[in-house]
Amino acid sequence: MTAVTRLNRLARDAAQSREARSEPVVEHCDLCRAPIAPGHRHLLDLESRELLCACQACKILFDRGAAGGGHYRLVPERRLRLDGLELDDALWDGLRIPVDMAFFFHSSQAGRVLAFYPSPLGATESQLSLPAWDELVARNPVLETMAPDVEALLVDRVGGAHRHWLVGVDECYALVGVIRTRWRGLSGGTEVWGEISAFFDALDARSEPATTEEGR
């Protein structure tokens, strides 16, 4: 399955979590091909960084740390809204993110934190300033609890917003899918910005409030 097809599916899943389906769509587990429900879990392929849809049986199997020889990792369901995250404009500028949305996760393969931002071309890597990231973590110890590879800090600063979440990476790629599949022209068009706003509002509704001092 191509990356664009996967982004289409993630974008569709994100939309379906906000509104009822008009017609049922049967999906299948990417590992065993068993039918799966809309609210299924995802596995991350650590080598290709592809997200795989998982049925309940495969989810239980890969919920054990030793399963899959470390090749696959189950994406957590944890969603924390970080209302008190300390990230002022100066520190944001220091992170070197060229747009107002981004997500950050620790890559086991790279051995460091990586930064990506959603774009019409997909997830685009930004050259993260690691000293600025270290300062952000020092100010916000909750970021030390992010599970490597599969959890991320997601930031929305569009239009002066200051919203932050600690979420599974599947949420981040769902946002990438929305932008990749809905963007039109140079500015994106009114439809995509409405979809982005709806995505963040829905994520807020599904997230639990947390302080930056909170652990797992």
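Nothing in this text is a laboratory measurement; each read-out follows from the coordinates by a stated rule. It should be emphasised that the depicted structure is a prediction, and the values quoted were computed from it without experimental measurement. Here Cβ is always computed from backbone atoms with ideal geometry, including for glycine, and neighbour counts include all displayed protein chains.
Exposure proxy shown here: for 167, 99, the number of other Cβ atoms within 10 Å sets the order, fewest to most, as 99, 167. Charging the Cβ of each Asp and Glu at -1 and of each Lys and Arg at +1, and nothing else, the dipole of region 80-210 about its Cα centre rounds to 380 debye.
At an R0 of 35 angstrom, the distance between the Cβ atoms of residue 198 and residue 50 translates into a FRET efficiency of 0.85. With both labels modelled 7 Å from their Cα along Cα-to-Cβ, the residue 187 to residue 57 distance reads 5.2 nm.
Of the GluC sites (Glu not before Pro) in region 118-202, not one is in a loop by DSSP (not H, G, I, E or B) with at most 14 other beta carbons within 10 Å.
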